[in-house]
Amino acid sequence: MELQENKKKNNHGCFWIVFVGLIALWAIGHFSGSGSSPENYNDNSTMHQILAKNYFVDYLKDNLKNAKSYEEVDYTSFFNSSKGCYEVKLKYRATNSFGTMVVEEASGDVYFTDDRVSIRNVRTE
């Protein structure tokens, strides 16, 4: 009879060790910062400026007559906190409808919301 009581005590001890171990693993995973936490694009870091510019270039190339002729001349990109977006301005060379290489400028607003990117207010000069 005494042997069965000792086995029950050992089973409860193992249960608590496993339970505490699982809680510890969950806490480490939850508070370590890894996982699918959304990235904050609302800052003026160089990485996010370049990312916004690259999305804008892709948008621009999708709308050019000859995307392969695109050559970047210059660009500016900065975070506008009042609008909540990156303002991107590009100066580039590309061929026009007549096949002539021309220099043009385009600007637009790049928004990062949730897991989507949207480009608005595109202007060309």
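Bear in mind these aren't lab numbers, they're just calculated from the coordinates by the rules spelled out. The structure displayed is predicted, hence computed values, not measured ones. Here Cβ is always computed from backbone atoms with ideal geometry, including for glycine, and neighbour counts include all displayed protein chains.
Put in line by how crowded their Cβ is, counting other Cβ atoms within 10 Å and starting with the fewest, Thr113, Thr46 read Thr46, Thr113. Shown for Asp58, Asp114: other C-beta atoms within 10 Å of each C-beta, ranked fewest to most, produce the order Asp114, Asp58. Cβ crowding within 10 Å ranks Phe98, Phe79 as Phe98, Phe79, fewest other Cβ atoms first.
Taking a spot 7 Å from the Cα of Asp58 along the direction of its beta carbon, which residues of the range 67-87 have an amide N less than 12 Å from it? Hits in the range 67-87 for Asp58 at 12 Å: none.
The modelled label-to-label distance for the pair Asn121/Val73, using points 7 Å beyond Cα in the direction of Cβ, is 2.3 nm.
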